[in-house]
Amino acid sequence: MKYTEIKDKSIEELEGMLREKRLLLFQLRAKLKTMQLQDTSEIRKTRRDIARIMTAINAQKQ
């Protein structure tokens, strides 16, 4: 996901995406602890997506 894809979305859509990504991050971390996660780079990608979404939310609030 790129910032240009999400910068034009509404705050409600972004907050929904943020909830989904945080839930996904929780699930990925749980899989990591139980040795079920195959691709550990997914955690990094998800964290970066969360940061991009939060940046877009903060930019719209100002």
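A Cβ distance below 6 Å, combined with a sequence gap of six or more or placement on separate chains, defines the contacts here; from segment 6-32, residues that are closer than 10 Å to I57 by Cα reach residues that are crowded, with 16+ Cβ neighbours inside 10 Å and not β-branched (V, I, T) in the pairs I6/A56; K7/A56; L14/A56. The helices (runs of 4 or more DSSP H) falling completely within the chain that include 1 or more residues that are modelled with pLDDT of 95 or more and among the small types (G, A, S) map to 11-33, 41-61. Considering only residues in segment 18-62 that are among the hydroxyl-bearing types (S, T, Y) and more than 18 Å from T4 (Cα to Cα), the one that is surrounded by the most Cβ atoms within 10 Å (Cβ to Cβ) turns out to be T40.
The values are calculated or read from the model by the stated rules, or taken from the named source; none is laboratory data. Only a predicted model underlies this, so the values are computations on that prediction, with no experimental measurement involved. Neighbour counts are summed over all protein chains in view; Cβ atoms, including those assigned to glycine, are modelled from backbone coordinates with ideal geometry.
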